[in-house]
Amino acid sequence: MRLLYSVMALALTGCALETALLPGADDLTREPNYRAVVANNIETIVGDPRKIGGTEISSARRTDFLKGPAWLVCMKSNVYQQPMYYAAFIQNEKLVDSRLAVTLDQCEAQAYTRFDDWRSRVIPVRDQDKERR
């Protein structure tokens, strides 16, 4: 009987260690610099940004995401007089996923502000050395 308890205790310890070693999800206590994250990842989110026309962005809001808690930011572009909505998911100041917005994202109901930050984005210092070579 003691052997059974010992085996069970070891198994539970292994499970606890596994969850402790997983990378932590964003705790959502501080709103990310979502405008910079989106600007630096615009090609990932929308493809060729020159083809999307004028862009607008919503504020970041907390959401439950498949990969844990995340910030959801919606983008809106007007192409051919039809608005297109994109959803960007941010964790720990990084873009973790993006897609064309679906009804669940509620992007159509968000308030938007003009977003042209990506047009004049600055190349991070670590990438400038690569471009000089």
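Structure values in brief
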| read-out | value |
| --- | --- |
| Selection count where residues are of a type outside the set (Gly, Ala, Ser) and farther than 18 Å from ASP117 by Cβ, scope the stretch 52-71 | 8 |
| Test result for THR29, within 18 Å of the chain's Cα centre (by Cα) and at pLDDT 80 or above | yes |
| Qualifying residue in the stretch 97-120 (condition: over 18 Å from VAL38 (Cβ atoms), at pLDDT below 90 and surrounded by 10 or more Cβ atoms within 10 Å (Cβ to Cβ)) | no |
| Members of the stretch 62-95 found to be loosely packed, with under 15 Cβ neighbours inside 10 Å, in a strand (DSSP E or B) and either in contact with a Leu (Cβ under 9 Å, 6 or more places away or on another chain) or at positive phi (or both), listed by number | ARG62, PRO69 |
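The values are calculated or read from the model by the stated rules, or taken from the named source; none is laboratory data. In this text the structure is predicted, and so the values were computed from the model without any measurement. As a convention, Cβ positions derive from the backbone with ideal geometry for all residues, glycine included, and neighbour counts pool all protein chains shown.
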